[in-house]
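Each remark here refers to the structure printed beneath this line.
The values are calculated or read from the model by the stated rules, or taken from the named source; none is laboratory data. Since the model is a prediction, treat every value here as computed from it, not as a measurement. For neighbour counting, all protein chains shown are included, and Cβ atoms are generated from backbone atoms with ideal geometry for every residue, glycine included.
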Amino acid sequence: MPQFVKDTSITAFTRMLSRVFGVLSTILLARLLGPDGIGNYTLAFLLASTTIALVNFGLSSTTVYFIANGEHPREEILGHLFVFNTLVTGIAMVVGSIIVLYFKAWLFPQTSKSLLLLGVLIIPGIFTYRFAQSVLLGLQRFDVYNLGQALWAVIHLLFLTLTVLLFKGGVAGAILAEAFSWAFGAALLLYWTKAVVPAWSFRFNPVLTKKMVTYGLHSYLGNVLAFFNYRADLFLLNYLQGPAAVGIYSVAVGLAERLWLISQTASTVLLPRVSASTDPHWRRRFTPLVTRTVLIMIVPAALLLGIFARPLVLLLYSKAFSGAAHPLQILLFGIVTFSLSRILAQDIAGRGQPLLNTYTSALALIVNVGLNLLLIPLWGIQGAAWASAVSYTALLISKMVFYQHLSGNSWKEVLWSKRDDWALYRETTRKIALWIARFNPLSR
């Protein structure tokens with residue numbers, strides 16, 4: 001537990017720093033591009049992220065799982081996965097271009113072809129960056145992982161400032177800044193990854209390949225469904241109401257998803273821990289403790305953000321985005337439930353059962369698409385927010401069913417705080433305070 005708390009605390013601080021720079025980036029873009037401009041920028045990035053989701057074949061979760069569980073030499077695993085990453089990156093570039101050339105009128109009817117083709121350039125950087133991140137997570141090198149994430153956020157803001165503010169590049173400049181920053185971050189993380197594991201073996205191992213492909217495909221479909229579950233609203237909103245609506249809604253989504261900092265931090269550290277653990281008793285106790293802790297932290301944060309949603313949107317993004325305030329408040333309930341389902345999903349995947357996450361994601365996607373088609377024509381952006389909130393809740397309920405079966409824990413064990421938890425929090429807070437004081441130069 002102490003090492004988990006330390007890793008989680010450092011990861012949380014790094015993510016918080018990254019979120020600050022991320023908010024600064026979105027403020028810069030919103031004020032310079034306006035709702036329509038940021039909508040087209042969001043759609044170009046959506047093209048890249050959608051293409052990656054379609055052809056990633058479970059690369060990230062496979063990388064973390066196989067490196068963490070130690071069944072095969074890390075050098076051999078890394079060699080196989082690097083070749084795989086290179087191949088699918090090329091495939092993704094081709095698929096992204098095909099979508100633009102042949103499916104633009106259906107998926108992105110009001111966004112120019114040139115902007116979407118620039119969006120394809122984002123793909124290699126993101127693919128390689130996430131691959132290197134997954135390697136570092138599997139190795140449990142959270143120090144290097146966190147440093148890379150913080151530096152990427154700074155680099156991203158710098159590139160956006162150069163291309164959009166100084167060089168007046170508009171939407172095209174913003175998309176190019178994305179491509180440059182992801183490529184730079186990918187190169188940096190790959191360099192550090194090679195420093196941690198210098199020798200990679202590229203000798204083909206059919207047994208290892210079969211295991212990785214099987215695990216990856218089980219994860220893949222679930223990842224694709226999960227991606228469309230929380231991005232279907234953007235596609236349907238764009239199709240039904242256009243890029244300006246997407247721009248306003250993306251501000252609400254961006255602010256709401258800042259609260260994912262808490263669950264993302266915990267789940268990032270949890271997956272390699274569960275994958276590497278051989279103690280079923282530890283697994284049964286540990287994940288519920290994490291979910292209970294996340295729930296205690298995220299609910300007050302969601303309430304606070306909901307209360308100040310409108311003044312915050314006006315202060316940061318201007319009156320042009322005032323329509324984002326109410327959807328933001330609606331989304332917050334779904335953000336809470338999704339945060340808990342994310343942690344359960346990592347536990348399920350860490351137990352070697354990624355296919356179960358696929359079933360839950362399929363259910364949530366059906367709920368999401370159905371409600372979006374029903375509610376967006378009636379309520380516009382607010383309808384999209386309600387559809388997401390309800391589908392995230394359905395996702396949590398379905399994951400809870402599978403998790404209870406695998407772990408033997410009840411829903412009360414997962415959600416209901418215990419007296420022992422508070423004693424642990426007090427002791428942990430005391431130790432963190434002592435740790436901070438020990439490194440505070442003013443205390444010497």
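Miscellaneous remarks
- Residue list for segment 317-337, restricted to those being farther than 27 Å from V294 by Cα, touching a helix residue (DSSP H, G or I) at 6+ places or on another chain (Cβ under 7 Å) and part of a helix (DSSP H, G or I): Y317, A320, F321, S322, G323
- Filter pass, L162 being surrounded by 17 or more Cβ atoms within 10 Å (Cβ to Cβ) and within 30 Å of A245 (Cα to Cα): no
- When each of T393, T429 is tested for being farther than 22 Å from R283 by Cα, assigned to a helix (DSSP H, G or I), modelled with pLDDT under 90 and of a type in the set (S, T, N, Q), the lone residue that passes is T429.
- Checking G173 against (1) free of Cβ contacts under 8 Å to residues at least 40 places away in the same chain; (2) surrounded by fewer than 20 Cβ atoms within 10 Å (Cβ to Cβ), the condition it does not meet: (2)
- Among the candidates L158, L176, residue that is at pLDDT 90 or above, part of a helix (DSSP H, G or I), among the hydrophobic types (A, V, I, L, M, F, W, C) and over 14 Å from A44 (Cα atoms): L158
- Qualifying residue in segment 374-381 (condition: at pLDDT below 90, assigned to a helix (DSSP H, G or I) and either surrounded by fewer than 20 Cβ atoms within 10 Å (Cβ to Cβ) or not aromatic (F, W, Y) (or both)): no
- Test for T89: is it in contact with a helix residue (DSSP H, G or I) (Cβ under 9 Å, 6 or more places away or on another chain) and modelled with pLDDT of 90 or more: yes
- Residue check for N368: at pLDDT 95 or above, closer than 30 Å to Y215 by Cβ and more than 17 Å from the chain's Cα centre (by Cα): yes
- The helices (runs of 4 or more DSSP H) found entirely in segment 181-283 include none that carry 3 or more residues being in contact with a His (Cβ under 6 Å, 6 or more places away or on another chain), modelled with pLDDT under 95 and surrounded by 19 or more Cβ atoms within 10 Å (Cβ to Cβ).
- Pairs linking a residue in segment 187-213 that is among the hydroxyl-bearing types (S, T, Y) to a residue that is at pLDDT 90 or above, with Cβ atoms under 6 Å and 6 or more positions apart or on different chains, are T193/A132; T193/V135; S201/E75; S201/E76; S201/G79.
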